[in-house]
Amino acid sequence: MKKTISSKGTRFGIASLAVFMTLATPFAAPVLAASGESNNVVAAEDKNNKENADSAKKNTFLFDDAAKMKKLLSAVEQAAGAISKSYPGVEYVATPLLTILKAIYNNEHPEVTLDTVSAQMVEIKGQIETAKQEMIAAMSSVTDMNNYVEAYNEFDRAYREMSAQISQISGYKDMDQSVKDAKLAGLIGTRNDWIRHDNVISAFTILGDYLSANRKLSSGNKSIYDAMIAHYSKSVLFGKEALDKTDNFVKNAVAIYMEGTTQLINCLLAEKNHLMRLNTESSKCDAAYCEKKIENILNQVISVNEALKKYRSYSPYMFYDRSGGAQKDINLTAKIGRVNLKNNKDRLKNVVGGSALSKAQMEYIVKYVKTYYPNKTFREFLQYIGYDGLDSNDYLMIDVGNIRSVSMNIGCDHTYYFYGFKLNERNKDSREVSYLSKSVCIITSYKKLADANLVYLKKQ
């Protein structure tokens, strides 16, 4: 007759650090009379206590090593928090994930935690559906994203109905936990199913591999982030604009991934509990693998955050130059070029050297800003890109200009000028601006003509 294992001590199958430390503390042995029989009883109790503690330790949910468990869960919490901070739009889906991570660590009222998480997942269903539609719309125009589109479709096919069932089963209050666990376990299949590409666990892992940039796209061996940036770079002018457009895709892709993370950890917890109740050597082996699979998923969340950190380091100052026809990517300095015209006694061509953009490039930029940002001054546009410390009366240099000379009886007068306009001018029309008159005769004299400083876009 099959032995029935009580579910009382494994309602959620999670051993917290506090429980782990309790198990590690020797049980107090009763004080008995000093006799051979008493000694045997004490020895037997000590042995049983040790075996029970060792058995409970082996059943510690994630790791036998409590320090390792604490370190991993802390790292995942930090990763999820960093993602939420960078993308406030995904906080709604990060909250359930952090809730279940806390439950894994603390083991406080697990059924209440599951009910809470299930309720949260139902509440965010509409937001997740919106995220899916926005992400699909973004991907549809990017040819290089075919591999990721296929991976997402495979995951969505396997996950869509299952997600609704997970929340319904977990949140059902009139069902014994052991029955819930069996039902949830059935949704993801056994470890033998997880190697099939059409299984939800396998599909989810592949999706995470793309988001962690560990899996590249077949076209050009690019990450999905590189592909989206490259796509948007063809229709905008600066890296900041491409990042903003890509951010919408990233926010939605990560939200969908984190929702899947929460739901599948829920199922893997249930699968592990169910297998432990079966209490066979085979089921114990499979339960241990459930723990390993959850560890892999948590590490993947950390890897996704690392990939996002790298993506966020992309330069907003990248200039996609199409002034000559074909696109050429030029990295500009993060600090805008400046010239104090009132102190400058030289031609701008000598001052800025070859670091300034050409007249053709600057005219291309000005035309673009006029067309796509008609209600912004150039100062406002540069601030959007990331440049700071700009005065509204500063001049923007379009071209370095030249020298206009006039001969005099006792020498020559040179007038230095450039082409540009003040940053606060709405029409953004460049004109000739004089900034220095230099009279060369017996004694050289300078007349300051500039009424403001000059800024220019500078190549690295």
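Can you name the condition, by its number, that residue 361 falls short on among (1) open to solvent by 10 Å² or more (accessible area, probe 1.4 Å); (2) under 22 Å from residue 96 (Cβ atoms)?
So residue 361 meets the others, but not (2).
State whether the residues of the stretch 253-266 include one that is farther than 25 Å from residue 179 by Cβ, open to solvent by 30 Å² or more (accessible area, probe 1.4 Å), touching a residue at least 24 places away in the same chain (Cβ under 8 Å) and out of contact with any Asp or Glu (no Cβ under 8 Å at 6 or more places or on another chain).
Scanning the stretch 253-266, I find no residue that is farther than 25 Å from residue 179 by Cβ, open to solvent by 30 Å² or more (accessible area, probe 1.4 Å), touching a residue at least 24 places away in the same chain (Cβ under 8 Å) and out of contact with any Asp or Glu (no Cβ under 8 Å at 6 or more places or on another chain), so the answer is no.
Tell me whether the stretch 140-157 contains one or more residues that are part of a helix (DSSP H, G or I), among the charged types (D, E, K, R) and farther than 30 Å from residue 231 by Cα.
no
Restricting to the stretch 147-200, count the residues that are open to solvent by 30 Å² or more (accessible area, probe 1.4 Å) and of a type in the set (Phe, Trp, Tyr).
Number satisfying all stated conditions: 1.
Yes or no: the stretch 189-198 includes at least one residue that is in a helix (DSSP H, G or I) and touching a helix residue (DSSP H, G or I) at 6+ places or on another chain (Cβ under 6 Å).
yes
Just checking, how many residues over the stretch 280-302 are over 19 Å from residue 98 (Cβ atoms) and in contact with a Phe, Trp or Tyr (Cβ under 8 Å, 6 or more places away or on another chain)?
Qualifying residue count for the region: 2.
Please state which one of 364, 373, 384, 368 is closer than 20 Å to residue 317 by Cβ, free of Cβ contacts under 8 Å to residues at least 12 places away in the same chain and either in contact with a Lys or Arg (Cβ under 6 Å, 6 or more places away or on another chain) or of a type outside the set (D, E, K, R) (or both).
Numbers: 364 fails: free of Cβ contacts under 8 Å to residues at least 12 places away in the same chain; 384 fails: free of Cβ contacts under 8 Å to residues at least 12 places away in the same chain; 368 fails: free of Cβ contacts under 8 Å to residues at least 12 places away in the same chain.
It is 373.
If only one of 394, 388, 413, 399 is among the acidic types (Asp, Glu), out of contact with any Pro (no Cβ under 7 Å at 6 or more places or on another chain) and open to solvent by 70 Å² or more (accessible area, probe 1.4 Å), which one is it? Quick ask: steps written out before the conclusion?
On the way: 394 fails: open to solvent by 70 Å² or more (accessible area, probe 1.4 Å); 413 fails: open to solvent by 70 Å² or more (accessible area, probe 1.4 Å); 399 fails: open to solvent by 70 Å² or more (accessible area, probe 1.4 Å).
The conditions single out 388.
Scanning the stretch 279-328 for residues that are farther than 30 Å from residue 382 by Cα and free of Cβ contacts under 8 Å to residues at least 12 places away in the same chain, which turns out most open to solvent (accessible area, probe 1.4 Å)? Give the steps one after another, and end with the answer.
As a first pass, look at the stretch 279-328 and keep what is farther than 30 Å from residue 382 by Cα: 279-304.
Then keep just the ones that are free of Cβ contacts under 8 Å to residues at least 12 places away in the same chain; that gives 280-285, 288, 292.
Working: 280: 65, 281: 140, 282: 76, 283: 5, 284: 79, 285: 74, 288: 53, 292: 96 Å².
By that ranking, first place goes to 281.
Which one of the conditions (1) under 23 Å from residue 386 (Cβ atoms); (2) part of a helix (DSSP H, G or I); (3) open to solvent by less than 20 Å² (accessible area, probe 1.4 Å) does residue 236 fail to meet, given that it meets all the rest?
Only one criterion in (1) under 23 Å from residue 386 (Cβ atoms); (2) part of a helix (DSSP H, G or I); (3) open to solvent by less than 20 Å² (accessible area, probe 1.4 Å) is unmet by residue 236, namely (2).
Only one residue in 273, 214 is in contact with an Asp or Glu (Cβ under 7 Å, 6 or more places away or on another chain) and farther than 15 Å from residue 138 by Cα. Which one?
273
The values are calculated or read from the model by the stated rules, or taken from the named source; none is laboratory data. All of these numbers come straight from a predicted model, not from anything done at the bench. Neighbour counts run over all protein chains shown; Cβ positions are idealised from the backbone, glycine included. With ligands, DNA and RNA removed, areas are computed over all heavy atoms of the protein, side chains included. Shrake-Rupley method; radii C 1.70, N 1.55, O 1.52, S 1.80 Å.
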